[in-house]
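**Student:** Structure incoming, see below.
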Amino acid sequence: MFADERMDRIVDIIVNSFFPMLKAGVAFTVPLTLVSFFLGLLLALLTALARISGIKLLDVIARFYVWVVRGTPLLVQLFIIFYGLPSIGITISPLPSAIIGFTLSVGAYNSEIIRAAILSISKGQWEAAYSIGMSYPQALKRIILPQATRVSVPPLANSFISLVKDTSLAATITVTEMFRVAQQITATTYEPLVLYCLAGFIYLIFSTVLSNAQGQMEKRLDRYVTG
Amino acid sequence: MIEIKNLHKQFGQTEVLKGIDLKIEEGNTVCIIGPSGSGKTTLLRCLNLLETPTKGTIKLGKFSLDFQDKKPVPKDKVIKFRQQTGMVFQGYNLFPHMTALENVMEGLIYVRKQDKEASRTKALQLLEKVGLSERANHYPSQISGGQQQRVGIARAMAMEPEVLLFDEPTSALDPELVGEVLKVMKELAKEGMTMVVVTHEMNFAREAADKVVFIDKGVIVEEGTPQQIFEHTGHERTLQFLNKLCS
């Protein structure tokens, strides 16, 4: 009898929490991931270009940035941005704080992926682009980056899926994304096992959808290689 | 039309070109021959500034560039100068993410800024000229080496260069595919295209060249008509080289 009651209660909690959590996922986790990843990729591209520019100062700045961000925990970075900066008069709301933190992280890690991808394109491609009269930016944009993109999709997708899960760290700086909602419901229902498993399950759904999207994208980008 | 004076090129401590003087007349086909490591490819790459000479002058069409050690040529000057040349590479270097047609159109659209339709029409004409109309929509990975190289020629021709540079255009090809590429090159030579060809194809040099230049160890040993070089050379080194090829 007792077991049945417990089961009913758990089913109730799952049914009542699933949609609020999914909603938080769609309203915060997904946009936070997409915006941070997009901005982070731009930053990563700029950092990669700075590294291969051959201009000493740009290279040093880029290396320093990557060194600091990769060498410190993301959680610590988020705390510095959200809890630390106000003490020197810079107050940023939770969501922008999270976006800044994740963007910096994505930028640093992926700059190495993009740099490696650009360097993996043969010198002959640059030369062919130059030989038809292209400038460096034209060669980069039209010839090198499209090929580098294909090379970098699998590792970038990896880091994208990591980011989906890392956004749960935003809960610690009070962003009401999915994991924070799970924490809040846990606080009132006291069913941590159920709710955190549920949260994990929703992250799993998101990651699976994204992995499939990656597969599709790779197939599309590979069209000129197989044949 | 091309005038090279006292051209030097140094890689680190190694001097690859040790003072080259060469004149190339408009409409001529000039074949550069010589043993590997002699500097012939470097000379060719200096002509479109893929390598920056260490010293000397190159006059090509409208522009004349004077090179001095450690003084870089401004980028816009490099691009303007280079746009007078077209290059065909040993390894083809087609853009693998574009079809044959798109490879030929690319420079027309993004460098010449011509509209898409005009570019397509011109690119199709050029592909027809090299006998590849039917492969227009194939990716480089879907066609043979000989076909790729012919697309490479069409791509270089599209920019209407003053001179076409060929860097061992048939060296990477299977023997049975060499002929189709040489045939296209011979046609171009006949039409009066100015061409500089680094090659090991002595038969091509014999038949199509107006001038043959023999380079060894960074200097021009001898230059002359194919007949002079292949049949009446008085130079020991030329003779040795030619004999080695025949044996």
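The values are calculated or read from the model by the stated rules, or taken from the named source; none is laboratory data. Keep in mind the model is a prediction, meaning the values are calculated, not measured. Because the Cβ atoms are built from the backbone with ideal geometry, glycine has one as well, and the counts that use them run over all protein chains shown. In case anyone asks, the SASA skips ligands and DNA or RNA and just uses the protein heavy atoms, side chains included. Shrake-Rupley method; radii C 1.70, N 1.55, O 1.52, S 1.80 Å.
**Student:** Out of B:Leu173, B:Leu165, report the one residue that is of a type outside the set (Phe, Trp, Tyr) and assigned to a strand (DSSP E or B). Reasoning before the result, please.
**Tutor:** Numbers: B:Leu173 fails: assigned to a strand (DSSP E or B).
Selected residue: B:Leu165, the only one of B:Leu173, B:Leu165 that is of a type outside the set (Phe, Trp, Tyr) and assigned to a strand (DSSP E or B).
**Student:** Residues of the stretch B:223-237 being in a strand (DSSP E or B) and open to solvent by less than 60 Å² (accessible area, probe 1.4 Å), which ones? It would help to see each step written out before you state the result.
**Tutor:** Step one: of the stretch B:223-237, the residues in a strand (DSSP E or B) are B:223-224.
If the condition is that a residue be in a strand (DSSP E or B) and open to solvent by less than 60 Å² (accessible area, probe 1.4 Å), then B:Gly224 is the only one that fits.
To keep it simple, each residue is scored yes or no on (1) of a type in the set (S, T, N, Q); (2) farther than 24 Å from A:Met178 by Cα; (3) open to solvent by 60 Å² or more (accessible area, probe 1.4 Å); (4) assigned to a helix (DSSP H, G or I).
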| site | (1), (2), (3), (4) |
| --- | --- |
| A:Glu5 | no, yes, yes, yes |
| A:Phe37 | no, no, no, yes |
| A:Leu43 | no, yes, no, yes |
| A:Leu46 | no, yes, yes, yes |
| A:Phe64 | no, yes, yes, yes |
| A:Leu85 | no, yes, no, yes |
| A:Ile90 | no, yes, yes, no |
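**Student:** If you check A:Val194 against the conditions, is it under 30 Å from B:Phe89 (Cα atoms) and open to solvent by 20 Å² or more (accessible area, probe 1.4 Å)? Reasoning before the result, please.
**Tutor:** Working: under 30 Å from B:Phe89 (Cα atoms): no; open to solvent by 20 Å² or more (accessible area, probe 1.4 Å): yes.
Answer is no for this residue.
**Student:** Considering only residues that are open to solvent by 40 Å² or more (accessible area, probe 1.4 Å) and at the interface with chain B (Cβ under 10 Å from one of its Cβ atoms), which ones fall in the stretch A:127-144? Can you show your working first?
**Tutor:** So in the stretch A:127-144, the residues open to solvent by 40 Å² or more (accessible area, probe 1.4 Å) come out as A:130, A:136-138, A:141-142.
If the condition is that a residue be open to solvent by 40 Å² or more (accessible area, probe 1.4 Å) and at the interface with chain B (Cβ under 10 Å from one of its Cβ atoms), then A:Tyr130, A:Tyr136, A:Gln138, A:Lys141, A:Arg142 are the ones that fit.
**Student:** Among the numbered criteria (1) in contact (Cβ under 8 Å) with a residue 24 or more places away in the chain; (2) out of contact with any helix residue (DSSP H, G or I) (no Cβ under 8 Å at 6 or more places or on another chain); (3) of a type outside the set (D, E, K, R), which single criterion is violated by A:Pro31?
**Tutor:** (1)
**Student:** Here's a follow-up. How many residues does the stretch B:68-93 hold that are more than 16 Å from B:Leu164 (Cβ to Cβ), within 10 Å of chain A (Cβ to nearest Cβ) and not in a helix (DSSP H, G or I)?
**Tutor:** 1
**Student:** Hey, another quick one. Out of (1) within 25 Å of B:Leu60 (Cα to Cα); (2) of a type in the set (Gly, Ala, Ser); (3) open to solvent by 20 Å² or more (accessible area, probe 1.4 Å), what's the single condition that is false for B:Ala156?
**Tutor:** (3)
**Student:** Moving to a separate point now. Before we move on, is A:Thr149 under 19 Å from A:Leu42 (Cβ atoms), at the interface with chain B (Cβ under 10 Å from one of its Cβ atoms) and touching a residue at least 40 places away in the same chain (Cβ under 8 Å)? Break it down into steps so the answer makes sense when it comes.
**Tutor:** On the way: under 19 Å from A:Leu42 (Cβ atoms): yes; at the interface with chain B (Cβ under 10 Å from one of its Cβ atoms): yes; touching a residue at least 40 places away in the same chain (Cβ under 8 Å): yes.
In short, yes.
**Student:** Could you grab the pairs with beta carbons closer than 6 Å, sequence gap of 6+ or different chains, first residue in the stretch A:100-125 and within 14 Å of chain B (Cβ to nearest Cβ) and under 25 Å from B:Asp167 (Cα atoms), second one among the polar types (S, T, N, Q) and part of a helix (DSSP H, G or I)?
**Tutor:** Sorted first by the residue in the stretch A:100-125, then by its partner, the pairs are A:Ile121/A:Gln147.
**Student:** Given the structure, is B:Glu51 within 8 Å of chain A (Cβ to nearest Cβ), of a type in the set (Asp, Glu) and open to solvent by less than 40 Å² (accessible area, probe 1.4 Å)? Outline the logic, then answer.
**Tutor:** On the way: within 8 Å of chain A (Cβ to nearest Cβ): no; of a type in the set (Asp, Glu): yes; open to solvent by less than 40 Å² (accessible area, probe 1.4 Å): yes.
It is false that B:Glu51 is within 8 Å of chain A (Cβ to nearest Cβ), of a type in the set (Asp, Glu) and open to solvent by less than 40 Å² (accessible area, probe 1.4 Å).
**Student:** Separate question: Could you list, ordered by first residue, the pairs with Cβ atoms under 6 Å in which the first is in the stretch B:44-58 and touching a residue at least 60 places away in the same chain (Cβ under 8 Å) and the second is part of a helix (DSSP H, G or I) and of a type outside the set (S, T, N, Q), at least 6 apart or interchain?
**Tutor:** Filtered contacts from the stretch B:44-58: B:Asn48/B:Arg82.
**Student:** Looking at (1) within 30 Å of B:Met98 (Cα to Cα); (2) open to solvent by 60 Å² or more (accessible area, probe 1.4 Å), find the lone condition where A:Ser211 falls short.
**Tutor:** Single failed check for A:Ser211: (2).
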